[in-house]
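Each reported figure results from applying straightforward, stated rules to the coordinates on display, with no laboratory input. The shown structure was predicted, so the numbers you read here are calculated from the model rather than taken from an experiment. All Cβ positions, glycine included, derive from the backbone under ideal geometry; neighbour counts span all protein chains shown.
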Amino acid sequence: MANIAQAIRLALHVGETKLGVTDIFGEDVGAPLGGVFTCTQGLETAWNSPLDERGIIGTSFGLALAGCRNVAEIQFCDYIFNTIDLLKLVGNCRWSSNGQFSVPLVIMTPVGSGIHGSLYHSHSFDAAMTHIPGWKVVLPSTPKDCYGLMISAIKDPNPVMFLYPKALIRTQSKELIPGEPEEARALSKRIDAPVGAAREGWKPDWPDLPDFEIPIGKAKLLCEGTDLTIATYGRMAPLCASVAAKLRDDGVSVEVLDLRTLYPYDWEAIAQSVRKTRRFLQVNEDTEVTNFGEHLVRRVTEELFYELEAPPKMLAGVNTPGIGLAWNLEKNQVPQAEDVERAARALAATYA
Amino acid sequence: MSQKASDLRGVPKAHRGKAEPMDEMKVYRLMAEARALEERMIKMAKSSDGFFWIGGPGEEAFNVPLGLLAHRGRGPAYDYLHLHYRSSAILLAMGMDPKDAIRQMASKATDPFSGGRNFVNHFAFAPWNIVPGTSTIETQYSVAPGTALAQLAHGGEGITIVNGGDAGTAEGDFATCLNWSSRPGRELPILILVINNKWGISTPFDEVHGDRIIVRRAEPFGIRWDVVDGNDPEASWTKLSEVMHYIRKERKPFALEAVVSRLHGHSSSSGAARTHDEPDCIADFEERLIEKKLTTRSECDELREAFTKKMSQLLEEVREEPDPDPSSIFDHVYAED
């Protein structure tokens, strides 16, 4: 019953106690705040950095070069764009040195809209990040997936960009993380810092967490269907699943894949599903021009063309310079449930 | 602690160290060899033996002492070097076979730094903690605090050395380095070098900067700083020897600016022609050594000629070495689990 913030915190606790993580850092990551979303609260190795994204990425890179596994946070992805050249250097470090230097590090940053975040708290980073080779990129949508993929990211010998959907951070899941107390309040009592003066000297009471991880590169089947495949990720994953549940009652059978990893993505799962349903819809909230979903549409078109019953489609955010604060603006800029429903119904009704 | 005094004034004697004596002829030979290497590689860019050249003729008097004083090895007990692309003399002084630089210039599969993937003088050599050099000038100043932080936790005498040009200090990465190296109670064992050749490609430093002593920017951070004549190997040796000793012992940052010449312009893209209006550290050092009767004019001439011949010979050999296999492009993108 953990939420995403608690799940990440549990995984980082495992990281620093069992997986050799030496430093967890970023703006407001250490005490007393433990992260703007409390993802790093109560951790032994968490510390506050200067408000300097380039310094954060650079220092994370340097620590990794010296063999220190570390997790650094950029709060939020809207503020990571001034580090693009450093992200490229991290990504090309191993290749440019002909295999001499590996860079085992994790950068975590919340992405996407849905919190009335306006221009600078609503950015997506999936399209930009998947343009930087040498990284693995994950974007889980549930607490358990965040937990399991963070463990895998920490263990991975390569740089991993851990994106997480900020609109879902407080959503509790019915799935339990192995070792997590069954009752939601029990976990909160043990690992959430008390507010006010009681925080002084407080220490979390971590549950015992058995070995558990979710492999990077594996999609998750959210619901089975036969009429069309929706491949999605992040905040759009539960949205698409809810649309699929609604359409099922109307006799439209939608299969939904939560990719969870954007690179290396699970092509096998996509191809297997599309061969069955013969229709493909990719849904994401990043701006639609040179969008990661376009790559998937291109590959489905090129490799599965003769298996398709209808043209592959992509539903993404509109190509505007920002997300408007007024709700009427935002909901007209990123896909909403009714947009997904409309696109899915139209695609299911298209025949070659 | 607020630190107003520049250089090492006020540092306890035990942490200040006494400059180790410099082997003048050894330094001279390495300087001459580094120059011959770069001159050969410039010629390679003009013939069909290589594409682009960028390098360090003019920085030998500072770089040879630095390379000799660095603690060479792998891991945080040894020095980490974050080097800009004019650092061939540092590598040579550390023990690099000049043939390896020629291999990189010729984009050969045998290039030990990048396997024919990167420009010349973009070194990366894990056994000596030389982290990958880049063309994105100044980014190394944002990365260096990371290795220094690892060394702070590790203890011992290993330090992080980062160098870069004067023009690049306009980038925010330089301020990042000063800030992250001087967090109270978390000061880093890092040597922050500015190699001031007074140029950024074709733009004079003074045309686009109001400040005149770059490392003075370290002062408000409480970081000790100093300026040295980087064309003078003895002054460079003495200053580096003292400063590196201080960083090793006190585990504190130090910012040092070396004023040097740039003798072949920015790179092959600007012609790489020899300029004659700046001091040549090798010619000047020769005069001094001859005056001191440590060598003679003819000995110096013979030595330089021998190095020139050696580099030609090395190129002959490198020409016969294999080019990278085209199918190797996907090698080393990712580390295996």
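At most 10 other C-beta atoms within 10 Å and a DSSP loop state: those are the exposed GluC sites (Glu not before Pro) I care about. Give me the longest piece of chain A that has none. No qualifying site falls inside A:1-181, the longest such stretch. Rounded to the nearest 500, the 222 nm mean residue ellipticity of chain A from helices alone is -10500 deg cm²/dmol, with -39,500 (n - 2.57) taken per DSSP H run of at least 4 residues.
Could you list B:THR238, B:THR296 so that the one with the fewest beta carbons within 10 Å of its beta carbon is first and the one with the most is last?
On the way: B:THR238 18, B:THR296 12.
Neighbour counts put them in this order, fewest first: B:THR296, B:THR238.
Its relative contact order, with pairs defined as Cα atoms under 8 Å and 6+ residues apart, puts chain A at 16 percent.
Would you list the membrane-span-like helices of chain B, meaning whole DSSP H runs whose alpha-carbon atoms span at least 30 Å along their axis and whose mean Kyte-Doolittle value is at least 0.5?
The answer is none, since no helix passes both cut-offs.
Given +1 at the Cβ of Lys and Arg, -1 at the Cβ of Asp and Glu and no other charges, the dipole of chain A around its Cα centre is 180 debye to the nearest 20.
The angle separating the long axis of helix A:84-96 from the principal Cα axis of greatest extent in chain A is about 90 degrees. Listing A:VAL252, B:VAL333, A:VAL106, B:VAL208 from fewest to most neighbouring C-beta atoms within 10 Å gives B:VAL208, B:VAL333, A:VAL252, A:VAL106. The GluC sites (Glu not before Pro) of region B:281-337 that meet both conditions, a loop assignment by DSSP and at most 15 other Cβ atoms within 10 Å of the site Cβ, are B:GLU320, B:GLU336.
Ranked for footprinting exposure by Cβ neighbours inside 10 Å, fewest first, A:PHE212, A:PHE162, A:PHE76 give A:PHE212, A:PHE76, A:PHE162. Helix A:267-277 axis versus longest C-alpha principal axis of chain A: approximately 30°, rounded to the nearest ten. For chain B, the mean residue ellipticity at 222 nm estimated from helices alone is -12000 deg cm²/dmol, where every DSSP H run of n ≥ 4 contributes -39500 (n - 2.57) and the total is divided by all residues, rounded to the nearest 500. Of all lysines in the structure, the ones whose alpha carbon falls short of 29 Å from that of A:LYS136, not counting any fewer than 8 places away in one chain, are A:LYS18, A:LYS88, A:LYS144, A:LYS155, A:LYS166, A:LYS174, A:LYS218, A:LYS220, A:LYS276, A:LYS313. Label A:GLU309 and A:SER188 with points 7 Å out from Cα along Cα→Cβ: what is the distance between them in nm? Simple spin-label model gives 4.5 nm for this pair. Counting Cβ atoms of other protein chains within 10 Å of each residue's Cβ and taking the mean over peptide A:224-234 gives 0.
Taking a temperature of 37 °C and a viscosity of 0.692 mPa s, what whole-number D in µm²/s does Stokes-Einstein yield for chain B with Rh from Kirkwood over alpha carbon pairs? Could you put the intermediate results ahead of the total?
Values: Rh = 20.4 Å.
Rounded, D is 161 µm²/s.
When only alpha carbons are used to place a centre, region A:2-42 and region B:271-321 end up 57 Å from one another.
Give me the inter-chain shielding for B:131-143: mean count of other chain Cβ atoms within 10 Å, whole number please. Display every interim value, and only then the final one.
On the way: counts 8, 12, 2, 7, 1, 4, 0, 1, 9, 3, 3, 14, 15.
Across B:131-143, the average partner-chain Cβ count within 10 Å equals 6.
If you take the Cα centroid of region B:161-216 and the Cα centroid of region A:214-264, the two points sit 51 Å apart. The relative contact order of region B:55-150, computed from alpha carbon pairs under 8 Å that lie at least 6 residues apart in sequence, is 29 percent. Here the relative contact order of chain B, from alpha carbon pairs under 8 Å that lie six or more residues apart, stands at 23 percent.
From other protein chains only, count the Cβ atoms within 10 Å of every residue's Cβ in B:169-176, then give the mean. Write out the running numbers ahead of the final one.
On the way: counts 0, 0, 1, 4, 6, 0, 3, 8.
Across the residues of B:169-176, the mean count of other-chain Cβ atoms within 10 Å is 3.
Against chain A, whose longest principal axis is taken from its Cα atoms, helix A:337-348 shows a tilt of about 40°.
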